[in-house]
Structure formats: C-alpha cells, structure tokens
Amino acid sequence: MARKERALFVCGECGHESFKWMGKCPVCGGWNTMAEVSNPAGAGSRTGVGRGAAGRRGDGHLGADPVPIPDVDEAGEQRVPTGIGEFDRVLGGGIVPGSVVLISGDPGIGKSTLLLQVSDRVARAGERVLYITGEESVRQIGLRARRLGIRTGSLLVMADTNIVAVDEQIRRIKPGLAVVDSVQTMADPELDSSPGSVAQVREVTGRLVRAAKEEGVPVFVVGHVTKSGAIAGPRVLEHMVDTVVYFEGETHHAHRLVRAVKNRFGSTDEVGIFQMRDGGLFEVENPSEVLLAERPGGEAGSAVVASVEGTRPLLVEVQALVARSSSGTPRRTTTGVDYNRAAIIVAVLDRRVGLSIGFYDIYVSVAGGVSLSEPAADLGIATAIASSFRGVPTRRATAVFGEIGLAGELRAVNRAELRIAEAARLGFTRCVIPSHNLRSLERDQRRELGIEVVGVGTLRRALEEAIREV
Ligand code: TYD
Ligand code: MG
C-alpha cells in the first residue's frame with residue numbers, strides 16, 4: 001500500500017487527529033496523549049468503509065454514486081442468530097455480516113469464554129468459525145473448549161499475533177464469523193511501535209474493519225480495559241467499529257451484565273444477563289428471581305428497587321449500612337451505585353427528611369454485582385439508608401422506585417407499569433412510587449396489576465410508606 005509521507009498524530013483518549021504533534025490534545029485536553037501513527041492513503045477516514053470505492057473511476061467522476069433510499073439493498077441486513085438469546089438481544093437480534101463488534105471488559109470477566117461459546121453455536125449452525133488468539137496457545141484454547149464441552153469440527157483455532165497473517169487467513173477462509181482475541185496482542189511487524197500502542201491498535205483495527213467490509217465476514221474483537229474503565233489505549237477503537245459491547249460485573253460475583261454502549265445495527269438499551277458457572281456462561285432466564293435469592297428477610301438496611309435496564313424490568317436489592325463514625329471525616333463507599341448520586345441522597349435525607357446522618361459512616365451496595373445507573377433507583381438507595389439508620393426493616397413484600405429531587409420531592413420515572421408488573425410477578429404485594437406516576441396509570445391498569453400501589457409526592461412520605469416507622 002502506498003503510504004503518504006506526512007506523519008499523522010492521534011490522541012489516544014479521544015481519537016482527535018492532527019498533522020502536527022501537540023503536548024496537549026486540543027479536543028479532550030489530555031496531556032501527552034498524541035502519538036504518531038502510520039498514515040496510509042486515506043487513513044484520515046476513521047472506518048475505512050467505502051474506501052475501496054474511492055478514487056477516479058473509468059466514467060470520469062470521483063467516488064460512489066448516490067442511490068435512492070428504496071433501492072438500497074437489504075441483503076446485508078440478514079442477521080445470523082448466535083443461538084444465545086441474551087447475546088443476540090444485546091446485538092440487536094443477531095450478527096450482521098461484515099460488522100465489527102468490539103467486546104470489552106475487565107480481565108477475567110469472561111470475554112474469551114463467551115466468545116468461544118458463541119463461536120461454537122455459530123459453528124454448530126453450519127458456519128465455519130475462525131477463532132484467532134494472541135493471548136493463549138492453541139492448546140489452552142483446546143483445553144478450555146473441552147471444559148466447555150465444545151468439539152465442533154468447523155470451529156478453527158489459530159494462535160498468531162501478526163495481523164498481516166490474520167488478515168490473510170480471514171480473507172482466505174472467509175468464515176461465517178471471525179474472533180480476534182485480543183486487539184492489544186495483535187501487531188503489524190512493519191510498524192516499529194509495540195503491540196497495544198495507539199499506532200498498532202489503530203492499524204490492527206483498520207485492517208480488520210477493511211477485511212470485514214470487503215469479505216462480508218463479521219468480526220468480533222476483544223479489547224481490554226484499563227483500570228479507569230476506558231478501553232485500553234485508544235478511544236479511536238470505539239469510533240472505528242460498528243458495535244461496542246461492555247461486560248459488567250465483578251469477577252468474584254457470578255453475574256455478568258453484557259451491554260451495548262454503541263450499536264450501528266440496533267438499540268443501545270438492551271442488556272444480556274449471564275451467570276458464570278463451571279461449564280461457562282449461562283443465560284439467566286429469570287434475573288429478578290436470581291438477584292433477590294440471597295436477600296435476608298426482616299433485616300434493616302435492605303430495600304428492593306424495581307429498576308429497568310433497557311426494556312427489561314429488574315428487581316434489585318440495595319443494601320446500606322449506617323454506622324457511627326470513629327473518625328472526624330465520615331467514610332462513604334458505594335458499590336454498584338454512583339458515589340455522587342448517593343452523596344446527594346444522603347444530603348437530601350439529612351436536610352429535607354431530618355435524618356441526622358451527616359456524621360455517620362455510610363456504605364451502600366447493590367447485591368449480585370449489578371450496577372444501577374438510573375434515577376429511579378434513588379428511592380431504593382434512600383430507603384435502604386433510612387432503614388439502616390433507624391434500625392427498622394422495610395415493610396414486608398414492598399418494592400420501591402422513584403427519582404429524588406433536591407427539594408425532597410419524588411419525581412416520576414419512565415416505564416412505571418413495567419416495574420410494577422415485575423414486582424407483582426415476583427410476589428411483591430405493595431409498591432411505593434411517585435404520585436405523578438400513579439396518576440398516569442389508568443384505573444383499569446391498576447386493578448389488573450394485582451398489587452397495592454402507593455403514590456407519594458415526597459421522600460418523607462415515601463419512607464413512611466416503605467419503612468415501618470421513620
Ligand atoms: P475468561 O473468559 O478467560 O476472561 P477474559 O477473556 O475476559 O479475560 O474468563 C476467565 C474466568 O472465568 C476465570 O477466572 C475462570 C472463569 N471460568 C469459569 O468460572 N467457568 C468456566 O467454564 C470458564 C471457561 C471460565
Ligand atoms: Mg481472554
């Protein structure tokens with residue numbers, strides 16, 4: 001490939017491109033994040049899609065011809081289901097040919113395990129699958145496959161870190177699915193930077209994207225994340241691929257949430273829920289039930305929040321422990337809920353409800369390694385904290401949800417009906433919700449839900465309804 005003489009610099013944090021080196025990225029403000037990358041002709045385009053069609057053609061004009069939208073070929077949209085429902089849900093209904101999916105998450109969370117299981121399913125459906133590993137030996141993959149009970153002949157394993165060789169094999173074999181584990185271990189020997197550097201990751205991904213688009217082969221790429229939670233090395237990676245899927249959960253917990261944070265072929269709302277067991281990752285069919293299974297009965301400091309992940313209702317237990325502080329500065333820790341959100345809720349409990357918890361240590365956590373990011377969880381957090389502080393358990397079979405405002409008011413959230421229905425389904429008999437949500441539920445709907453729904457306007461009232469005495 002002809003290379004332009006001019007150097008190109010890319011910011012490893014935000015992907016900003018520049019022809020000159022700068023100590024500070026002008027876009028994201030990161031220091032020392034600009035690194036030189038090779039600049040093949042046209043590398044300015046991030047995805048490389050359609051690059052093949054560029055250039056002056058025989059008929060004398062440049063580039064591709066515009067096409068009327070009804071004439072656009074839909075053939076490329078034929079999805080291949082992986083046969084693992086929870087994973088298909090995250091992808092938006094299966095694998096799109098020629099798409100590139102980045103799978104990221106902490107080390108040891110289960111990326112390789114899931115991809116090996118997906119590879120097996122696709123291979124068993126009659127496709128050839130090429131699993132390329134730069135992390136483990138063929139023997140190690142073989143041993144893992146054996147442990148997972150995988151012995152499908154059309155699943156091919158290759159251990160290599162040379163992206164040129166990998167590219168060649170993908171184009172030669174044209175598998176129904178190619179997996180590259182991981183992008184940080186692959187490198188182009190012609191570049192002098194080391195594997196995992198901005199330049200290499202960009203080159204490797206660029207090559208895989210071109211191979212995927214030109215051959216119509218879907219490619220799954222594993223990308224490691226750094227301690228701060230970003231995909232290691234360049235953010236550029238996220239711009240280059242079609243879909244970015246994150247693994248959430250904690251390695252010492254059994255549950256894994258798989259979530260699409262970017263998806264050119266579907267919504268980014270859906271989550272898939274898995275459980276890590278001896279035989280690999282298993283789909284969780286009834287997540288609320290599993291998540292609530294270990295809930296202690298009748299203890300103070302526990303509340304069940306009816307939350308929604310994407311379009312799926314999920315009942316989750318929030319636990320809090322409020323303890324007298326032994327030092328001048330009280331300790332606050334949160335697991336699974338946003339630290340700042342919890343701090344606001346503590347302040348509202350203190351100032352608006354009159355719970356003098358300012359000088360207490362407060363610990364909040366979500367059971368099962370799940371993380372709650374939606375505002376509807378606010379009431380669950382507040383209820384758990386108030387319950388622990390008072391030493392009084394929440395009322396029996398009561399679930400809560402609602403966003404808390406700074407004035408101590410309870411604000412409406414979306415999908416109230418879905419949340420209430422899930423609570424009813426799991427045997428809850430009361431649900432404390434924002435009064436605005438209750439008003440918008442039709443009378444008939446309320447009766448059909450078969451559960452007592454209590455609408456309240458303030459956090460103070462909500463706590464009176466949710467906890468036996470406040
Ligand atoms: P792995 O898929 O190698 O993680 P990643 O590729 O994201 O780094 O998963 C490794 C962990 O999963 C390891 O700690 C062992 C555990 N595991 C099981 O519990 N059961 C299994 O069947 C397998 C294959 C792994
Ligand atoms: Mg791995």
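The values are calculated or read from the model by the stated rules, or taken from the named source; none is laboratory data. Here the structure is a predicted model, which is why all the values come from computation and not from measurement. Note that we place each Cβ from the backbone using ideal geometry, even for glycine, and neighbour counts take in every protein chain shown. Ligands, DNA and RNA are stripped out before the accessible areas are found, and what is left, the full protein with its side chains, is counted by its heavy atoms. Shrake-Rupley method; radii C 1.70, N 1.55, O 1.52, S 1.80 Å.
So if I check each of A159, A165, A125, which one is modelled with pLDDT under 95 and farther than 24 Å from D278 by Cβ?
The conditions single out A125.
Condition check: under 24 Å from V90 (Cβ atoms) and either hydroxyl-bearing (S, T, Y) or surrounded by fewer than 23 Cβ atoms within 10 Å (Cβ to Cβ) (or both). Does R171 satisfy that?
No.
Could you run through segment 394-421 and say how many residues are farther than 11 Å from V305 by Cα and either touching a Phe, Trp or Tyr at 6+ places or on another chain (Cβ under 9 Å) or surrounded by 23 or more Cβ atoms within 10 Å (Cβ to Cβ) (or both)?
6
Take F389 and tell me if it is closer than 17 Å to I451 by Cβ, of a type in the set (F, W, Y), surrounded by 18 or more Cβ atoms within 10 Å (Cβ to Cβ) and touching a helix residue (DSSP H, G or I) at 6+ places or on another chain (Cβ under 9 Å).
Judged against the criteria, F389 is not a match.
Find the residue count for segment 267-313, including only residues that are closer than 28 Å to V244 by Cα, part of a loop (DSSP other than H, G, I, E, B) and not β-branched (V, I, T).
Number satisfying all stated conditions: 8.
For the structure I just gave you, tell me whether D378 is within 29 Å of R324 (Cβ to Cβ) and open to solvent by less than 30 Å² (accessible area, probe 1.4 Å).
Criteria met by D378.
Have a look at A187, A165 and point out the one that is away from ligand 1 (no atom under 16 Å from the Cβ), open to solvent by less than 20 Å² (accessible area, probe 1.4 Å) and small (G, A, S).
Of A187, A165, the one residue that is away from ligand 1 (no atom under 16 Å from the Cβ), open to solvent by less than 20 Å² (accessible area, probe 1.4 Å) and small (G, A, S) is A187.
Of these, A300, A306, which one is farther than 30 Å from F359 by Cβ and either within 16 Å of ligand 2 (Cβ to nearest atom) or over 15 Å from the mean Cα position of the chain (by Cα) (or both)?
That would be A306, the only listed residue that is farther than 30 Å from F359 by Cβ and either within 16 Å of ligand 2 (Cβ to nearest atom) or over 15 Å from the mean Cα position of the chain (by Cα) (or both).
Of all residues in segment 181-199, which are at pLDDT 90 or above, more than 25 Å from the chain's Cα centre (by Cα) and not in a loop (DSSP other than H, G, I, E, B)?
Scanning segment 181-199 gives a single hit, A187.
Filter segment 11-38 down to the residues that are among the acidic types (D, E) and not in a loop (DSSP other than H, G, I, E, B), then identify the one that is modelled with the highest pLDDT.
E17
Report whether or not G85 is away from ligand 2 (no atom under 11 Å from the Cβ) and either touching a residue at least 40 places away in the same chain (Cβ under 8 Å) or of a type outside the set (F, W, Y) (or both).
Yes.
Residues being within 12 Å of ligand 1 (Cβ to nearest atom), outside any loop (DSSP other than H, G, I, E, B) and open to solvent by 60 Å² or more (accessible area, probe 1.4 Å): count how many of those fall in segment 119-161.
4
Could you tell me how many of the residues in segment 316-329 are farther than 18 Å from S302 by Cβ and open to solvent by 40 Å² or more (accessible area, probe 1.4 Å)?
Counting residues in segment 316-329 that are farther than 18 Å from S302 by Cβ and open to solvent by 40 Å² or more (accessible area, probe 1.4 Å) gives 5.
Can you tell me how many residues within segment 91-118 are more than 14 Å from Q275 (Cα to Cα), within 16 Å of ligand 1 (Cβ to nearest atom) and crowded, with 19+ Cβ neighbours inside 10 Å?
Residues that pass the stated criteria total 9.
Would you check if E250 is under 16 Å from the mean Cα position of the chain (by Cα), modelled with pLDDT under 90 and closer than 30 Å to A397 by Cα?
When the stated conditions are applied, E250 passes them.
Among the residues of segment 339-374, write down those that are out of contact with any Ser or Thr (no Cβ under 7 Å at 6 or more places or on another chain), assigned to a loop (DSSP other than H, G, I, E, B) and open to solvent by 20 Å² or more (accessible area, probe 1.4 Å).
Within segment 339-374, G354, S356, G358, S371, S373 qualify.
Kindly establish whether S137 is without any contact (Cβ under 8 Å) to a residue 24 or more places away in the chain, among the small types (G, A, S) and away from ligand 2 (no atom under 16 Å from the Cβ).
Here the answer is no, as S137 does not meet what is asked.
Inside segment 347-395, can you point out the residues that are of a type in the set (S, T, N, Q) and under 25 Å from E289 (Cβ atoms)?
S365, S371, S373, T383, S387, S388, T394
So is G60 part of a loop (DSSP other than H, G, I, E, B) and at pLDDT 90 or above or not?
Criteria not met by G60.
Is there a residue in segment 271-291 that is farther than 18 Å from F220 by Cβ, open to solvent by 60 Å² or more (accessible area, probe 1.4 Å), among the aliphatic types (A, V, I, L, M) and away from ligand 2 (no atom under 16 Å from the Cβ)?
No, there is no match, as no residue in segment 271-291 is farther than 18 Å from F220 by Cβ, open to solvent by 60 Å² or more (accessible area, probe 1.4 Å), among the aliphatic types (A, V, I, L, M) and away from ligand 2 (no atom under 16 Å from the Cβ).
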